[in-house]
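Worksheet: the structure to be examined is printed underneath.
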Amino acid sequence: MADHVQLFCDFVAKSPSAFHAAHTLCAMLEDGGYTPLAESQPWTIVPGGKYYVTRNRSSVIAFAIPQTGFAHFQIVSSHSDSPTFKLKHSCEDEAAGGSYLRLNVERYGGMIMSSWFDRPLSIAGRVLVRDGGRLSTKLVDLGRDAVLIPNMPIHFNREVNDGYKFNAQVDLLPLYGGKGSRGKLHAEIAAAAGVSEDAVVSRDLFLYARQTGSVWGAENEFFSCPRIDDLECAYTSAAAFLSSEAVGHINVLAVFDNEEVGSSSKQGADSTFLTDVFARVGQALGASDSEIRAAIASSFMASADNAHAVHPNHPEKYDAQNCTFLNGGVVIKHNANQKYTTDAVSCAIFSALCEKAGVPVQHFANRSDVLGGSTLGNIANTHASMNTVDIGLAQLAMHSSVETAGCADVEYMVRALTALYTSNIAVHADGEIAID
Ligand code: ZN
């Protein structure tokens with residue numbers, strides 16, 4: 001059996017930014033026989049065909065058509081981005097009279113800032129380069145310990161353990177070099193892109209933690225690595241998708257960028273990406289507008305984004321009857337205000353799939369006096385509306401630069417999502433579903 005924990009840690013190491021995560025997913029899809037399509041070109045799609053398309057090179061949608069042709073969609077969606085710091089356009093910043101070169105960065109998403117200190121970091125993302133008469137995109141990863149955000153010594157910051165408020169513009173700027181370092185970052189980025197310095201026109205570059213995955217605990221039951229939220233769901237859904245045959249429905253793998261900043265970008269879950277793909281698949285297979293709408297209405301989606309495991313030192317923060325633990329199985333997330341899409345219908349469908357796969361299920365709801373987080377399922381549903389369940393794997397320290405999850409859960413999620421992709425979830429009427 002595949003060691004999905006190791007494979008996941010390898011996936012994370014190859015995915016230092018959302019652009020790299022999408023690139024890694026595309027490589028997996030190509031290996032699996034999936035053909036790339038471009039949104040800017042007409043699509044030719046045939047029954048039995050397997051395809052993928054990217055938007056912004058940071059969101060990916062892949063789909064497998066059954067031999068029988070157009071049908072409803074069975075989708076797992078997740079996100080490719082994680083909280084981090086983005087380099088500002090002009091980022092070289094000399095400090096202490098030119099003795100240091102810092103980088104001017106801004107927050108991307110809501111990270112635990114204290115977790116980014118005193119940890120060697122690197123820089124990855126994409127650059128646009130001049131290439132003769134055109135502009136082209138290059139992935140960039142410095143791939144070395146290149147910068148670090150140093151803490152203040154406790155002697156100069158006695159409140160650091162008493163609720164010190166970090167200022168992102170002051171406390172979180174990473175150190176890149178000493179005297180005379182101005183210009184070296186640009187040179188290093190150009191070298192990493194394989195182009196001359198004057199060819200680099202613009203860039204989307206982010207800090208990332210280089211720590212590799214580590215398995216630990218009394219029985220090696222836990223693992224820690226960066227970007228578990230939400231690459232764990234991106235990886236497990238891709239693994240399940242690639243091992244499943246589409247029979248009687250169209251399997252869809254959707255991985256969106258920008259969930260951590262609200263999804264409202266051209267490539268986020270709050271965009272037309274998913275609905276555009278549905279419409280184009282239907283049109284390419286000769287379906288009418290009415291047939292496409294009927295297929296969407298009969299579809300099922302699992303919005304997969306990680307969940308909170310009970311913190312060992314703060315169990316009082318969690319709802320006692322609706323709390324989840326590492327290695328307890330796939331989590332179904334509930335919220336009365338529909339921040340999570342789960343309702344009795346989608347919960348019943350997904351529970352049946354897990355039962356079929358022999359995978360344990362846990363149920364999560366926030367304490368009623370805790371606001372909790374949000375995700376992409378309800379946002380995607382406002383564009384393509386269908387029965388949708390919010391799921392995830394329980395993890396600790398969400399949005400820390402290094403997070404922790406349970407080893408057994410990785411396998412559980414692959415099995416549960418394989419059941420989703422290999423079962424036929426047929427809507428017979430509103431609220432009447434058959435699973436076989
Ligand atoms: Zn997430």
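Under a plain spin-label model, where a point goes 7 Å from the Cα along Cα-to-Cβ, how far apart in nm are Trp43 and Ala191?
4.3
What net charge is computed for the residues neighbouring Gly33, neighbours being all others with C-beta under 14 Å from the C-beta of Gly33, Lys and Arg scored +1, Asp and Glu -1?
Working: positive: Lys50; negative: Glu30, Asp31, Glu245.
Local charge sum for Gly33: -2.
What whole number of Å gives the distance from the Cα centroid of the stretch 59-136 to the Cα centroid of the stretch 222-256?
20
Sequence neighbours fewer than 8 away in the same chain don't count; with that in mind, list the lysines whose C-alpha is under 26 Å from Lys339.
Within reach: Lys266, Lys317.
As I understand it, the value is the acute angle between the Cα axis of helix 184-193 and the longest principal axis of the Cα atoms of the chain; what does it come to in degrees, rounded to 10?
30
Give me the net charge of Arg415's neighbourhood, meaning all other residues with Cβ under 14 Å from the Cβ of Arg415; Lys, Arg count +1, Asp, Glu -1.
Working: positive: Lys356; negative: Glu355, Asp409, Glu411.
In short, -2.
Here are some pairs, Lys86/Lys165; Lys14/Lys356; Lys50/Lys333; which of them have Cα atoms lying more than 26 Å apart in this structure? Show your work: numbers first, answer last.
Values: Lys86/Lys165 20 Å; Lys14/Lys356 33 Å; Lys50/Lys333 31 Å.
Table pairs above 26 Å Cα-Cα are Lys14/Lys356; Lys50/Lys333.
Between Ile154 and Ser114, what is the FRET efficiency for a Förster distance of 22 Å, r being their Cβ-Cβ separation, to the nearest 0.05?
Details: r = 13 Å, r/R0 = 0.60.
Plugging the Cβ-Cβ distance into 1/(1 + (r/R0)^6) gives 0.95.
With the cut-off at 1.5 for a/c, could you classify the stretch 305-398 from its C-alpha gyration tensor as rounded, prolate or oblate?
Details: a/c = 1.98, a/b = 1.25, b/c = 1.58.
Since a/c reaches 1.5 but b/c is at least a/b, the shape of the stretch 305-398 is classed as oblate.
Kindly rank 247-253, 139-145 from highest to lowest mean number of other beta carbons found within 10 Å of each residue. Write down the numbers at each step before the final one.
Details: 247-253: 21.6, 139-145: 17.0.
Packing order, densest peptide first, comes out as 247-253, 139-145.
Just the number, please: carbon plus sulfur as a percent of the accessible area of the chain, 1.4 Å probe, no ligands or DNA/RNA counted. Could the numbers behind the result be given before it?
Working: 9260 of 18410 Å².
Here it works out to 50 percent.
Measuring from centroid to centroid over Cα atoms, what is the spacing of the stretch 190-205 and the stretch 265-301 in Å?
Value for the Cα centre distance between the two parts: 37 Å.
Once you have a ≥ b ≥ c as the square roots of the Cα gyration tensor eigenvalues for the chain, tell me rounded if a/c is under 1.5, and otherwise prolate or oblate according to whether a/b is larger than b/c.
On the way: a/c = 2.14, a/b = 1.35, b/c = 1.59.
Oblate, since a/c reaches 1.5 and b/c is not below a/b.
Given the pairs Lys88/Lys184; Lys138/Lys179; Lys88/Lys138, which are separated by over 20 angstrom at their Cα positions?
Beyond 20 Å between Cα atoms: Lys138/Lys179.
Taking Cα atoms, how many degrees apart are the long axis of helix 273-284 and the longest axis of the chain, rounded to 10 and kept between 0 and 90?
Computed tilt is about 40 degrees.
In deg cm²/dmol and to the nearest 500, what is the mean residue ellipticity at 222 nm of the chain if only DSSP H runs of at least 4 residues count, each as -39500 (n - 2.57), divided by the residue total? Kindly include the intermediate steps, with their values, before the conclusion.
Details: 9 runs with 105 residues, N = 436.
Result for the chain, helices only: -7500 deg cm²/dmol.
Which of rounded, prolate, oblate describes the stretch 84-209, given a ≥ b ≥ c as roots of the alpha-carbon gyration tensor eigenvalues and a/c under 1.5 marking rounded, otherwise prolate only if a/b is larger than b/c? Write out the running numbers ahead of the final one.
Numbers: a/c = 2.67, a/b = 1.91, b/c = 1.40.
Since a/c reaches 1.5 and a/b is larger than b/c, the shape of the stretch 84-209 is classed as prolate.
About the Cα centre of the stretch 84-209, how large is the charge dipole given +1 on each Lys and Arg Cβ and -1 on each Asp and Glu Cβ? Please answer in debye to the nearest 20. If you can, show how the numbers build up before the last one.
Details: 16 positive and 15 negative charges, 42 e Å.
My answer is approximately 200 debye.
The values are calculated or read from the model by the stated rules, or taken from the named source; none is laboratory data. Please read these numbers as outputs of a predicted model, since none were measured by experiment. A quick note on method: Cβ atoms are made from the backbone with ideal geometry, for glycine too, and the neighbour counts reach across all protein chains shown. Keep in mind that these areas ignore ligands, DNA and RNA; they rest on the heavy atoms of the full protein, side chains included. Shrake-Rupley method; radii C 1.70, N 1.55, O 1.52, S 1.80 Å.
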